[in-house]
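Written out below as C-alpha cells is the structure these notes cover.
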Amino acid sequence: MFSIFNIFKRLARERKNGPWSIEVSSSEAVLLKHGRRVDSIYWRDVDAITAYKADQFTWDPIVVVLWHDDKGVPFEELWPGYEGVFNKIHELWPQIDQGWITRVNKGAFVPNPEVLWQRDKTALESR
C-alpha cells in the first residue's frame with residue numbers, strides 16, 4: 001500500500017542520506033559523499049567497534065563506528081553499502097554477540113551506545 005507517510009519518509013531519506021554511500025573491499029571500508037572518498041579505515045587497523053542509535057526525528061538508524069587511533073569512521077544503516085560493512089564485521093569478528101542490534105534498537109530517543117569489540121590493550125602496545 002502506498003501512503004503519504006511513505007512518500008515523506010522516502011523524500012526525507014533521500015534528502016538526508018542521498019549523498020552518502022559506503023564501499024567495502026577485503027582490505028577496507030570507504031565512506032563516500034557524492035561519490036568522493038571522504039574517509040576510510042583498513043580492517044587490519046580497527047582498534048574498536050561501537051554502535052549507537054541516531055535520533056533523526058522520524059526514524060532512528062543504527063550507526064556503527066570503526067575506530068583507529070581515537071578516530072572514528074561512522075557508517076549509518078540507511079546508507080547504500082551499509083550491509084557490506086555489517087557483514088564484513090561479523091565475518092572478521094565472529095565473537096561479536098548478535099544480540100547487540102536488539103539492545104541498541106531498544107526504546108525511542110535513546111542512543112543505547114555499545115562497544116561491540118575492542119582490541120586488547122596489550123596487543124596495541126606491542127604494535
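The values are calculated or read from the model by the stated rules, or taken from the named source; none is laboratory data. Nothing here was measured: the structure is a model prediction, and the numbers come from that model. Every residue, glycine as well, gets a Cβ built from its backbone with ideal geometry; the counts of neighbours run over all protein chains shown.
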Conditions (1) at pLDDT below 95; (2) within 19 Å of Ser21 (Cβ to Cβ); number of the one not met by Asp55: (2)
Residue tally, condition in a helix (DSSP H, G or I), at pLDDT 95 or above and either surrounded by 14 or more Cβ atoms within 10 Å (Cβ to Cβ) or among the hydroxyl-bearing types (Ser, Thr, Tyr) (or both), over segment 8-44: 1
If you check Asp60, Asp69, which single one turns out to be at pLDDT below 95, more than 10 Å from the chain's Cα centre (by Cα) and surrounded by fewer than 13 Cβ atoms within 10 Å (Cβ to Cβ)? Asp69
Tell me, which residue of segment 65-89 that is out of contact with any strand residue (DSSP E or B) (no Cβ under 7 Å at 6 or more places or on another chain) and among the acidic types (Asp, Glu) is nearest to Trp100 (Cα to Cα)? Glu83
